[in-house]
Each structure stands twice: as structure tokens, then as C-alpha cells.
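Enquirer: Handing you this structure, nothing more for now.
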Protein chains: 4
Amino acid sequence: MIRYLTAGESHGKALVGILEGMPAGAECSVDYINHHLWRRQQGYGRGGRMKIESDTVEILSGVRFGKTMGSPIALVIQNKDWENWTERMSLDSDGSEVEKITIPRPGHADFAGAVKYGFDDLRNVIDRASARETAMRVALCSIVRKFLENNGIFIGSHVLRIGTAGMKNRVKVDKMIKTFCHRSPLAAYTLAQEADKSDVRMLDKSAEAMAISEIKKVKKAGDTLGGIFEIIVSGVPIGLGSYVQYDRKLDGQLAQAVMSIQAIKGVEVGDGFENALKFGSQVHDEFALANGSIARKTNRAGGVEGSMSNGEIIVLRAAMKPIATLAKPLKAVDLATKKLVESRYERSDVCAVPAASVIGESVIAPVIANAFLEKYGGDSMAEISKRSKRN
Amino acid sequence: MIRYLTAGESHGKALVGILEGMPAGAECSVDYINHHLWRRQQGYGRGGRMKIESDTVEILSGVRFGKTMGSPIALVIQNKDWENWTERMSLDSDGSEVEKITIPRPGHADFAGAVKYGFDDLRNVIDRASARETAMRVALCSIVRKFLENNGIFIGSHVLRIGTAGMKNRVKVDKMIKTFCHRSPLAAYTLAQEADKSDVRMLDKSAEAMAISEIKKVKKAGDTLGGIFEIIVSGVPIGLGSYVQYDRKLDGQLAQAVMSIQAIKGVEVGDGFENALKFGSQVHDEFALANGSIARKTNRAGGVEGSMSNGEIIVLRAAMKPIATLAKPLKAVDLATKKLVESRYERSDVCAVPAASVIGESVIAPVIANAFLEKYGGDSMAEISKRSKRN
Amino acid sequence: MIRYLTAGESHGKALVGILEGMPAGAECSVDYINHHLWRRQQGYGRGGRMKIESDTVEILSGVRFGKTMGSPIALVIQNKDWENWTERMSLDSDGSEVEKITIPRPGHADFAGAVKYGFDDLRNVIDRASARETAMRVALCSIVRKFLENNGIFIGSHVLRIGTAGMKNRVKVDKMIKTFCHRSPLAAYTLAQEADKSDVRMLDKSAEAMAISEIKKVKKAGDTLGGIFEIIVSGVPIGLGSYVQYDRKLDGQLAQAVMSIQAIKGVEVGDGFENALKFGSQVHDEFALANGSIARKTNRAGGVEGSMSNGEIIVLRAAMKPIATLAKPLKAVDLATKKLVESRYERSDVCAVPAASVIGESVIAPVIANAFLEKYGGDSMAEISKRSKRN
Amino acid sequence: MIRYLTAGESHGKALVGILEGMPAGAECSVDYINHHLWRRQQGYGRGGRMKIESDTVEILSGVRFGKTMGSPIALVIQNKDWENWTERMSLDSDGSEVEKITIPRPGHADFAGAVKYGFDDLRNVIDRASARETAMRVALCSIVRKFLENNGIFIGSHVLRIGTAGMKNRVKVDKMIKTFCHRSPLAAYTLAQEADKSDVRMLDKSAEAMAISEIKKVKKAGDTLGGIFEIIVSGVPIGLGSYVQYDRKLDGQLAQAVMSIQAIKGVEVGDGFENALKFGSQVHDEFALANGSIARKTNRAGGVEGSMSNGEIIVLRAAMKPIATLAKPLKAVDLATKKLVESRYERSDVCAVPAASVIGESVIAPVIANAFLEKYGGDSMAEISKRSKRN
């Protein structure tokens, strides 16, 4: 079973991660990981941080001659900003000279985190709760993603909505997706490449233009934006996950993975919320025969039936709330003085939906890979690939 | 840590469950569990099964003199229908006389399950994938729910939509909820009691009438309905869950629990998908002072910030797809003959959203309880309650 | 991954267990399980309980037509003694009429359990801590054992020592073992069958006679005995377990499983403690060539190198302390009165080492099976067996 | 729950570790960790590596102003030898110039590891299976150890045997231990300090002299030694662990932790194997009254009854096999040529029992801490210490 832990504060020395349980003999390169780190840093509407930190990963263990060794893979991403924070984030000083942050920002972990851990300085919360942590998740999960790709499973994503901007015409979206998702295992890959060409990872040019103009407008107003993105997985064999026990359900595991991304507040599989309003006869994907083999004409279930992959493309959609750090301050209460004040501003993005879509692609990779390994088993790429080969 | 396993086929002898990790000295009674089993069986639109099986639980272990013993609690719910299935579900016959089911129903586990496990008889899948399993989940989780109640945490739910019927006016819904959710720990309990009075667990009478008429109409058409329900939790202390590692995030865990209910295809925390389309200034819940203590005027975050409980009422919404077994058949492929046929009908509900809302209440109880126990620890009710007392 | 939970008090209604994660299509019969339950109840030196409870299992789910269905398997073993305990173990009475047990027995869970859970009646501890629970562990694990057997992996055991009685001459023991363990996958099975013929599960007739006479003598003296038994596993493929992370080490997992049996206080792999006193050149198993393939002349490592199976027979040894309930009382302190008193006697065995050896065989089955499934994967017997076939 | 992962090859860039689940506000310093790393590197009989690598740790996250932040703690220990291995352990070269190791050493992971992962170069196995990995385990676990110490729980160890050298007279050993273990929570700490004064961590001067002379002799002969060490834990509250489910048993978890140390082949709790040969009346620890409170005169159970801590000092003993790398070669088979050859020599220790005893102290810290946190709960040191205070 693949598992991982991340560590690292936003303004600490570095982000660190360990990925455990990878089979031996899988391809692993710094370039591949860095490519996905780069993708995570793109997107119109990002703040100053993205310019400071062009993330690159260092592999400290678990890889030799370009291949995984079966042993745990440790990654480090240096925080280039660290040099400006050595005092405020000092490991061993007594911190008495450092100003405490005591005003929690609405929408952030600040308040609940301080209460939970008994902190009188919100910096302790802010620095770990920050979405900067996702850089390491993307890095670790990229190794798993490559493993999946080499077993014919591809993950991609695109942005549906940034605020109210986006393709309102769902039919048009579906058509565009279909163009890329031609039932080839590579569908998700092709789609992601297409989305990568857009500054907001949108497939539709007019929607893109609206989104960018919306971001510009909102930025000027000192406000922020969220949105909706879609993750798709192609090449998934039938029967990953299981219905037999609640915690083995693939959709449940995928939902946890996606919801565990900072700022994500909603997840649906296929046309989840839309289907809830329709009749059964409009929703369930009838079986068909295509050249003698079993097929479907529709995929409203988003590739998951009975909490298992059903052989169709897996489709997940996630709702991201607007960035919680606003230039235009919100009302807050100073925890030290118990007085009503204005919330602090800490350098931030205006919109990070494109980045979140890349993170979404990443975090589901271990879920898919574990279900895949449960079915095919094996300690090495050679062993696994032989078993999982599909035609 | 509380954990549990369920077992049992829909037409087997019985459903069985074991709940492990419950502190000692917590109240536990058959009546309390049966009440929630009864709630799960209500709702306009249920099929014949609900009349056959008025579920009652038997406690086989872990409870003495009305209190938990710290040891695992085993529950059994007999399947009253079992006597008609002894041959078809025989433990030890060779099954050669039993007709195989070979036509998978769209929207069900049938197809993917058969491929996964290599079955030539879909009965093996149908019987475990059935939502009948949720009866045991409700039973086990009710014990946890009672433990939470005795620690001041209450869970409730109501139905927002059945198909297109429901309160379109979100403002009105919120107002009604506010009526019941007056910042008392009992809010969720009061709300659930109100919802229980309705045949479709709706808080609004006119919406209820529309929903019932919709179900009638759809039933006549041989079709089915899904819907949207809302789970709320009141009395939750600040700081359950954590932002420090992806798998300890409360929202991720809640999403998994809710998505793991049969037929659920979408989950959101607070106004998840709606907030994604708004500006940050419209979404984040500003802090306020109420009698000198920290408060919020709004709860758009649904009680979760930074993946922790923030002291407000937790609000989750779930999208349920329409029942997948339709009287009016869909196209299917017979796996034995590889011919296009009509899907089988197996006795089923037309709409089960009200039941699903009760299941939703149940499955999140262990998630909340584990986060609660992580914070307060303890092996017995006495030990725990002393620590967790709030004013 | 295979996992399981047991439930049930010693004088409650029943023992209950759920086994989760079994592949589909594996053989499973009540007779096979009952046979191992019967083996667990044998042995010279058992108390009256063994005559009351001739354990038989009922399968409530997860098995159809003699094969596992992939879904969880629930087992129940009725406690025949329950009818005499309905009042004392009542689910819902207030217990006010029932006499509390307040004198903890040395060597038992009584004292620590009461302090931990805040009980004023030790019955709550006694009844769950009792080794009766192992009946359910044997039952559940027998299903896994059968799965292993059908994949060519066999588990057996025999008793080395009962108190001081036993084969002192280790060389002789090894020779006897070698007789049965002729490098065939069936070695462990053959050995267990031979041990089953003995009332104390010893392979040597003169040792057996000494052991039985020792038990007789000790029983008369109101005292009790422990001993040492050996578990062996044959047919294990090379490379189960792993060295890459501490919690994936096969020997660590095996040690936990064996140490988790009531009254077990020591575990060794191969000649663990003996080897610690020798030189490296006397301990490590040199490689050899046998008909061109890699072999070993010795197996002092007990089949485990680098925390992985190395293809040789796995040998584990466990030390069982003497039964802690003595007819001849020990000093104890009444928790209610805080006075020094004599410990209570509750019906018990004089020696249960033979039973423990059968339990030992059982509890390691899921450990081996999980390592096996990690290597071969698969959801059904057909899928797995094809992959794991060895020549 | 505290959990951790280690990563790093013996000749790779660095060892890396992440410790997750530590409460906030616990003391954590580089000096404290380095002290235990230093202790791990001591001991007469170590090889050249110990001189090359004077391990020091770098904390990359999770600690601020000398206190834990609740967030994961990442540690790095540089491998000073790495510069000599950049080619042989290259991340991205194709490795075609690097000589493959094909001769597995008896007693090592080499053979089984190569078969498991499908390697044709044993270097991939050797480098991760190496006991060098334990440096990181000691580092991570030291943070947990400090947390325990600040909650009044101390862990220590000493060496009982190196080969045949050691105190044969168990009575004398026990007396010496008693001198240090005067029922104070500090007992284990005091004992460890005393042992630290000895080059072989033995408490008895004459035994120490014998051990050192034995090591000298054996080294000259090109052979190696193992031995037996004892870990003790003082200040443990009553009722850690539980009897209610097999995997929650404290002794089982401790056994796994200790057995998971490289080269450990046996574990016992208290006088495990010795007690197996005695009568119950000689083994079980009678209760007594000391100044009106419950006490014991003996501690043969090693502080664990019913798989829970019983308030007495916890005593674990571990058997370590002789170092598997011998200067005097053993027979091996070249996996490339399938010819019988002599085993390779790779720089190694002659005896590492003293080091192993320090590792033993370390690896059980998270087991104790998790049982402790289950009982007392809490997110911060302040919260926890208040609850767990004992008199």
C-alpha cells in the first residue's frame, strides 16, 4: 500500500515528504516531478509568492539509476523565502523578540487552530495550514502518477468555472471533453495538455477571456475568487475499489482525497448534484454493445458504479471557495485584546483554481494506485505490468 | 479510536456488525438503536421490503446493565426475508439448481462487481452491494451517536430536494434552519425531530406536498427519484480535526463517510458549490463579538475552517442519485449471452432520500467521535465527560 | 488487506467475529472451521469449561455455495453457558442485585482493566479478557488458513515444553521436526497432524508421558503450568514482508500476532535466544546448491532474513506463562475494602499450552496471507492462484 | 496518534524522517536528539563506519522556538560517506558503469530482497536493509521520548549478554536493577545513565570485562557476536493498552516494535521464557499493601498484565543475532553465475548489542506514547500534562 506524509512550514527551511510503498523498478525523475510542480505554480491570478518560489525538488532516497528501489522516497523542496524568516521561524531562539500574530483571518485555520493547539501566536497555524504544503503533495503524488501512466492510467483536469465565469452551457463543455476523451487511455492526458495551454486551464477560449477579465476586476476590488474544476481519469480497469465495506469504496476515498485540498468545500462524482434532480431513466447509463463488447453511450455516473470503477472515464468535480485572504479587510477579533478589528493581510493569490486543479489530479493518484495494487499486487514494475496488461 | 465492520447479505440470514473502541460506561440500549433503525425505514416512496423488515437489533456483546463495557459491541439484525431465500443463498449446497442472474442493472454494482470478483452470478454482488447494509451502519453508529449526545454533541438532518421538488428559495430554507438551530447544542436534535414529522423529512409543508406528488407521479411512470439532503451537527467543540496532515482533515473524513453511502454522488460542506461562484467578501464568515466572546454572524463555511470544526454548526449536504432499479426497464447486456436485453427488476424503492438522510446522520457520528476522542482521550465516560465539559 | 474484529464476553450470549478482505471464490466450510475449534479445545489439563462448550460455528454471511463471496464473513459461536448467566450478564437490568467482583487475580487483566476503565466490578474485565475470546480468533483465522492451504502454504505447531517437561535434547527435537519437514509445502501440515495425535501435542512419546504426569501432579497441588510451543509454516514463497519500513517487517508482524495471544510472554524466530549466545559463523545459514538451485543446509534463521520470508520453513517459538487462575490462592487486595485477602478462584485450566499452540497457528494466518496478497494481489481465488503458482 | 516514516539508503545522500501526530508545545531540541544519536553510535566492537559518521540531525520543520508546533517534524541526517558513492548510488545515471553486487550474504536481506523486488544488483537491497536506517528511527523516537519524560515516563536499557559473556547469575542482575529501579519514575533513566558508563552498556564490571575480551577474541577470528539486552520503562500509568481487541494489546505492539529492529530475533516481556518453565505460584505477582495502597513485591510479569501496563516497571528483553557480515567468509551462491562462492565482506561491526539496546529504547517510545495519548488525549502539552499528572 502506498502512503505518504508531508512536513514543512510555509516560511520554514523546506518542505519535506516521504512516499512509502512504491513498487521497485518504476521510473522516477526530478524533471517529471518538477514539471508538475511548475504546472501547480501557473495560473492567472497568483500572488507574489509564485514568483519567489519556482519550486524544484531534490530526491534524497529511494531512487537509483532513474528507477525506484522499493524503498521509501524522500523529497525536499527548499523554501527560497526562508532566509527572510530565520528569526521569526527560529528553531531554537526563545522567540521573545518576535511579534505575535493575534488576529485570525475569516475563512482560515487561524482561529480554530489556535484554540485547538493552545497557541498565542497564529503564525504557528498559518505556516502549516498554508496551501504551500500542496507543493509537496504534488511532488510525492507525481511519482505515483508516473507509475500509473506506465500502467496505462492517466489523470488530467481542467477548470469549469472561476467565479461566475465559465461555460454555462454544460452541453458545450461535455462536447469539448468528448473531443479529448475519445475512450483512449490517453484521454485525460490529452485533455490536461489542452488545459495547460490556457492561463486559467479552461478549454473554451471565450470562457477563458471572461475568467481573466473577472480576475482582473476582482483583484482591483481587493476581493478574491474561487471556482469549480474537473478531474478525469482514463484507462482505469474495471473493478477498482469495492462495495463490500464502507471504507473500501472508491468514491469515498476519492472524495476524501479531493476534499483534503485546502479551500475545497465540495466534491461530486460525475454529474452528482445535477443528477439528484433528475429521473432515474435520465441518469443511469444504459449498457450497449460496441463491436460485440459491452459499452455505454453515456457516462453520467462519472465512471463509478457501486463504488467501483466501471471502466468508463472517472469524472470528479470540486468546488473551491474564494481565497480567504482579502486585500480589502474583513471584520475580525484580536485574540489578545478581544477587540473587534480588521483582519490582517498576508501576501496571497486572488484566484488559485487552476493550481487547485493540478493538485486535484495529484492527490487522487495514490487512491487509484492503491486500488490498482490491491487488484494486481506485486513488488516490482515488471511483475505488475505483466499482470495488469489490457488490450 | 472507534472503528467498525459490517457484514451480511441482503437476503442472507442476518446483518452483523462489530463496533470497536467505544469507551466504557456509555449508555447503550436496544430501544435507542431501534428508534434510529425505524427512522431509517420511514419515508414516502419506499418499496415492499420496508414492510417485510421492521428492523430490530440484538446486542450480543459489549453491553452490561445498560452501559458499554469498553469491549467490542456486536449487533445482529435478522433478515426476516431469509426463509424465502435459504436455497438461493445456501451456505453449503453446490448451487447447481439455482438460477444465475446474468443481466447487470445500469447504475448498480452488478457489472463492475462481477468483473472484479470473477462471478458468473450477479446475485453475489447484488446482495452485498444493496443499501440494506446501511441498516447495520445505522445501528452501530447509533451507539456512537448516543455517546456524542451525552457529551453535548447532536446530529440531525432534513431533506432539501426530492427531484426538482423542494424549497427553491434558499433564503427561506436558511431561515427555517435558523429557527431550529439557535446556537444551542440541541439545535440539530430539534431540527431532526421537526423533520421526522414529515413523510419526506422536509421542513417546509408546501415543498413536502410537491415532493409527495412528484413521487406518486414518478412511481406511476415506473421511474425513480433522488434528491439532496442536509446533515447538521451542533455542540461541536472548536478544533476537531486538523490541518497538519491531509488525512487528518475533518472535512475530508466527513466527505468520505457521506460519499460511502450507497447512491451518494456529491458532498459539500456549507454552501460549497454555491460559494465557489461568489466573491471572497461574500463568502467568508466575519468575526464578531457577542457579549464579549467571539462569534460569527454567518456560517457559510458550514462550521469547518482549516479542516477543523470552528465552533459553529457543521453543515453537510449530499446529492443522492435516483434509485437505480427502475420498474420501467433500461437497456442492458446479458453477460452470459452477450446480447442486448432489458434490465431486470428487483423489488425496490422509488425514492429513498429521507432514509439516506438518516443514514447520513449516522455515518458521520464515528468521524466526529474519533476527532472528539483524539482531543479529550479517555477510557470511560466519567473520564471523558469531566474533560470535555463546556459551558 | 485481510482484517478482522472479534467481540463477545466469556459468559455473554455469544462470540461474534467479522473477517473482512477475503478474496472471492475461496473454499469455506463450517466443518473445516469446527475442526480447528475442536483442536483448540483439546489437550490434557483443560478445565470444566471445555466440556460445557464444544464450540461450533455458524456462518451468517459472506459465504454462498461453499465459497467466499468477497464480502465480509460473519461468524457466531454460541456460549452454551450463557443460560446460567443471564442475570449476571444482563444487557439491560440495572444490575443492582448482582454481586460485584472486587478481588483482582494476580497475573490477570483484572486489576489494570478495572483501573483503566473505571470499573467497580471486575466481571466487566474478566469476561472479555478471558482466553475464551480466542475461540473466535481461531474460527476467523481458519478461513484464512484454508485460503493459504489452497495456495500451497501450510501452518502447523507442536508443543516443546510443558513446565520443565519436554525434550531437553534440542537435537532430537530438530531431528523429529526434520522427519516431518522434508522441504515439502505440506511439512507443517504433516507435523501438526502428528502433534494432534498427542494429548499434549508433543512429538516425542517420552516427553509426552513426563508432561502428562507433571500436569497431574501440579493439578493435585492446586498449581498451574505454562510451556513453550513452536509454530511452523511451510510452502511460503520468498520475499513476503519487507525491510523497507519498520512496520512492514514480517517478523515484527508475526511477533505481534503471537504475543497478542492471552498468556504469551515471549516470542522468538528460529533459534532466537539461543543464537544470541553463539558466534556468527555458527548461526548464519550458508547458501548451497541443490540440483543447480539455491538451497540452505540449515535454517537457524527460522525462515526469515531481512524481515522477509527466505523460502525456508518459518519457525516461531512462543513462551506461555502458567495459567494465572490457581486453585491454591495467591495474595490479593480487595479493591472495595482495600484489605489483603486471598485471590478468587474461577473455573480454569491447569495447563493450556496445547490449545495455545493451535491458537498460535491461527493468528499468524492473516499476517502471512496479507503479505502474500501484497505480493500477488487479486480479488478472486482464480486470479490469485494463477499468479502465485510455484513449481 | 503518533506515526512516522523513515527514508534513506545507507550510502545515499541522507537519512530522512517525518514524525506526525506530536502534540504542540512539547520540548524539542537538536542537542537532545544528537545525544541519543551519539549513544547509538557507542559500544565496543563497532566498525569503521561509526568513525566516519558522527551523526547529527537537522530539524527542517515542526519546531519553533524550541517547541513542537503540532505539525509534522521532518529530520535529516546527512550521510558523510555519500561523496564516495555518488556514482554507485546515482539518482539519474544509467548505472551501466557500476559493478553489480550478485553474491548474497547469509543472514542478510540480500537474497530474499533481490528475489522479492526483482533486482539483479543486491546494492539496492543492502543499502536500505542496513541498520544505518535505525539512526533515523532513534532521532525521530527521541522527540517522542522527550515528550514522555516530560510526562513522567522514562525509558532505559542495559546489556545482559554479549555472546556467552554476561551475568549468568540472574539474581545478581535483578539486584543491580533493583538498585536503580527504586520504584521512582526516574528508575529507567538512572539505570540507562549507569549503563552508558560502560563500553558495552553492562551494569556489572566483571561481566563487562569478559564481554570486551570476548569481542576482541572474536574479532581476531573474523567472527561476530550477538547478545541479549533489556529495556525498562518506569513511570508508566496503569492501564495503557487494552485486552479488548488483539491489535490493541500493549505487549503485542511492544513486541512488534522491538522485533522490527534489524537482527532482533526474540522478544520477551518480563521473565517470559523462564516463567514458562515454572509453576503458576512461582510466577504470578501477588498483590500487597504498602502504606495502604496496592503494591507488588515482585514484577515477574514485566509490568504487563492482561496486555496492559499494570503500574510496575515494564521490562522487555530482546535477543540479537550475531552480526551477519563476517570477515571470515561463509558459503554463498553467486546469483549471476549460479556458482558456489564465498560471501562478500562489506565493512561492518563485530558486535552491536549496546547500540541495539539504545535503538530498543527508542522504538518503543511511540508505542508507549500512543497508548498514553489514547488515555489522556489532547492537542498540546498543557492540555495533556494537566490530565495525566500523577502523584
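Enquirer: Provide an ascending nm list, one decimal, of label-point separations from B:D92 to the equivalent residue in each further copy; define each label point as 7 Å from Cα along Cα→Cβ.
Expert: So the distances to the same position in the other copies read 3.5, 6.5, 7.1 nm.
Enquirer: Calculated from DSSP H runs of 4 or more alone, at -39500 (n - 2.57) each and per residue, what is the 222 nm mean residue ellipticity of chain C, nearest 500? Each step should come with its number before you reach the end.
Expert: Working: 14 runs with 134 residues, N = 391.
It lands at -10000 deg cm²/dmol.
Enquirer: Using Cα springs under 10 Å in a Gaussian network model of chain D, which residue among D:E230, D:E87, D:E214 shows the largest mean-square fluctuation?
Expert: Result for chain D, Cα springs under 10 Å: D:E87 fluctuates most.
Enquirer: From the phi of every residue in segment A:251-257, what ³J(HN,Hα) in whole Hz does the Karplus formula 6.51 cos²θ - 1.76 cosθ + 1.60 yield, where θ is phi - 60° and glycine or proline is x?
Expert: Those phi angles translate into 5, x, 5, 5, 5, 4, 4 Hz.
Enquirer: Hey, another quick one. Rank C:G156, C:G306, C:G235 by mean-square fluctuation in a GNM of chain C with C-alpha springs under 10 angstrom and give only the top-ranked residue.
Expert: In the Gaussian network model the winner is C:G306.
Enquirer: In addition: Positive end of the dipole of chain B, charges at C-beta (+1 Lys, Arg; -1 Asp, Glu), about the Cα centre: which of B:M259, B:Q282, B:S61 has its Cα farthest in that direction?
Expert: The residue sitting farthest along the positive end of the dipole is B:Q282.
Enquirer: Taking only protein heavy atoms into account and a 1.4 Å probe, give the accessible area per residue of chain C in Å².
Expert: Value for chain C: 32 Å² per residue.
Enquirer: Considering only protein heavy atoms and a probe of 1.4 Å, how much of the accessible area of segment A:276-337 is carbon and sulfur, as a whole percent? Please list the in-between numbers first.
Expert: Values: 1040 of 2000 Å².
Carbon and sulfur together cover 52 percent of it.
Enquirer: To continue, here is another question. Rounded, prolate or oblate: pick one for segment B:1-119, where a ≥ b ≥ c are the square roots of the eigenvalues of its C-alpha gyration tensor, a/c under 1.5 means rounded, and failing that, prolate if a/b is larger than b/c, else oblate.
Expert: Prolate, since a/c reaches 1.5 and a/b exceeds b/c.
Enquirer: Given the protein chains as shown and a 1.4 Å probe, how many square angstrom of A:D92 are accessible, to the nearest 10?
Expert: 130
Enquirer: For segment C:113-257, which whole-number percentage of the solvent-accessible area (1.4 Å probe, protein heavy atoms only) is attributable to carbon and sulfur atoms?
Expert: Answer for segment C:113-257 is 56 percent, counting heavy atoms of protein chains only.
Enquirer: Right, next: Roughly how tilted is helix D:133-149, in degrees to the nearest 10 and between 0 and 90, from the longest Cα axis of chain D?
Expert: Tilt relative to chain D: about 20 degrees.
Enquirer: Where nothing but the Cβ of Lys and Arg (+1) and of Asp and Glu (-1) is charged, how large is the charge dipole of segment B:60-215 around its Cα centre, in debye to the nearest 20?
Expert: Using Cβ point charges on Lys, Arg, Asp and Glu, segment B:60-215 gives about 1220 debye.
Enquirer: Okay, next question. When chain C is modelled as a GNM with alpha-carbon springs shorter than 10 Å, which of C:R347, C:R161, C:R40 fluctuates the most?
Expert: The residue that fluctuates most here is C:R347.
Enquirer: What Kirkwood radius, in Å to one decimal, follows from the Cα pairs of chain D?
Expert: Over chain D, the inverse of the mean reciprocal pair distance is 22.1 Å.
Enquirer: Another question, if that's okay. Residue by residue through segment A:78-86, which ³J(HN,Hα) values in whole Hz follow from phi under the Karplus form 6.51 cos²θ - 1.76 cosθ + 1.60 (θ = phi - 60°), with glycine and proline marked x?
Expert: 5, 8, 5, 6, 3, 4, 8, 10, 4
Enquirer: Towards the positive end of the charge dipole of segment A:297-391, with charges on Cβ (+1 Lys, Arg; -1 Asp, Glu), say which of A:A318, A:A382, A:G360 has the farthest Cα.
Expert: So the residue we want is A:A318.
Enquirer: If you place +1 on the Cβ of every Lys and Arg and -1 on the Cβ of every Asp and Glu, how big does the dipole about the Cα centre of segment C:294-369 come out, in debye to the nearest 20?
Expert: Dipole magnitude for segment C:294-369 comes out near 320 debye.
Enquirer: Once you compute Rg and the Kirkwood Rh from C-alpha atoms, what is the Rg to Rh ratio for segment C:239-287?
Expert: Using Cα coordinates only, the ratio equals 1.04.
Enquirer: When Cβ neighbours within 10 Å are restricted to other protein chains, what is their mean count per residue of peptide C:332-340?
Expert: Values: counts 4, 7, 1, 2, 0, 0, 4, 1, 5.
Going residue by residue through C:332-340 and averaging, the value is 3.
Enquirer: Also, quick follow-up: Just counting partner chain Cβ atoms within 10 Å, what average do the residues of peptide D:315-323 show around their Cβ?
Expert: Whole-number average of other-chain Cβ neighbours for D:315-323 is 5.
Enquirer: Protein chains only, probe 1.4 Å: how do A:F287, C:F279, C:F154 rank by accessible area, largest first?
Expert: Sorted by accessible area, descending: C:F279, C:F154, A:F287.
Enquirer: Amide H neighbours of C:S380 under 5 Å, counting only residues 5+ apart in sequence or on other chains, H built in-plane at 1.01 Å?
Expert: Residues meeting the amide H criterion: C:A24.
Enquirer: Spelling out what I want: for every residue of segment D:212-218, take phi, set θ = phi - 60°, compute 6.51 cos²θ - 1.76 cosθ + 1.60 (Karplus), and round to whole Hz; glycine and proline get x.
Expert: Whole-Hz 3J(HN,Hα) from phi for segment D:212-218: 5, 5, 5, 4, 4, 4, 5.
Enquirer: So if we plug the beta-carbon distance of D:K338 and D:D94 into 1/(1 + (r/R0)^6) with R0 = 35 Å, what FRET efficiency do we get, rounded to 0.05?
Expert: Efficiency for this residue pair is about 0.85.
Enquirer: Leaving out ligands, DNA and RNA, calculate the buried accessible area for the pair A and D with a 1.4 Å probe, summed over both sides, in Å² to the nearest 100. Could you put the intermediate results ahead of the total?
Expert: Working: alone 19120 and 19100 Å², together 34280 Å².
That pair hides around 3900 Å² of surface in total.
Enquirer: Next question, about the same structure. Please work out whether segment B:206-255 counts as rounded, prolate or oblate from its C-alpha gyration tensor, where a ≥ b ≥ c are the square roots of the eigenvalues and a/c under 1.5 means rounded, while otherwise a/b larger than b/c means prolate and anything else oblate?
Expert: Oblate is the answer for segment B:206-255, as a/c is 1.5 or above yet b/c matches or exceeds a/b.
Enquirer: Can you bin the protein assembly as shown into rounded, prolate or oblate? Criterion: square roots of the alpha carbon gyration tensor eigenvalues sorted a ≥ b ≥ c, rounded for a/c under 1.5, prolate for a/b above b/c, oblate for the rest.
Expert: rounded
Enquirer: What distance in nm separates the two pseudo spin-label positions at A:D247 and A:R3, each 7 Å out from Cα along the beta-carbon direction?
Expert: Going from the A:D247 label point to the A:R3 one covers 1.1 nm.
Enquirer: For peptide B:9-20, compute the average count of partner chain beta-carbon atoms within 10 Å of each residue's beta-carbon.
Expert: 6
Enquirer: Whose amide H sits under 5 Å from the amide H of A:E305, counting only residues 5 or more places off or on another chain, with H placed in the peptide plane?
Expert: Close amide H contacts, sequence-distant or interchain: A:N310.
Enquirer: When the accessible area of each residue in segment C:247-262 is compared between its chain alone and the complete protein assembly (1.4 Å probe; ligands, DNA and RNA ignored), which residues differ by at least 30 Å², being lower in the assembly?
Expert: Listed in order, they are C:D247, C:R248, C:K249, C:D251, C:G252, C:A255, C:Q256, C:M259, C:S260.
The values are calculated or read from the model by the stated rules, or taken from the named source; none is laboratory data. Here the structure is a predicted model, which is why all the values come from computation and not from measurement. Using ideal geometry, Cβ is built from the backbone for each residue, glycine included, and neighbour counts are taken over all protein chains shown. SASA here: full protein model, heavy atoms, side chains in, ligands and nucleic acids out. Shrake-Rupley method; radii C 1.70, N 1.55, O 1.52, S 1.80 Å.
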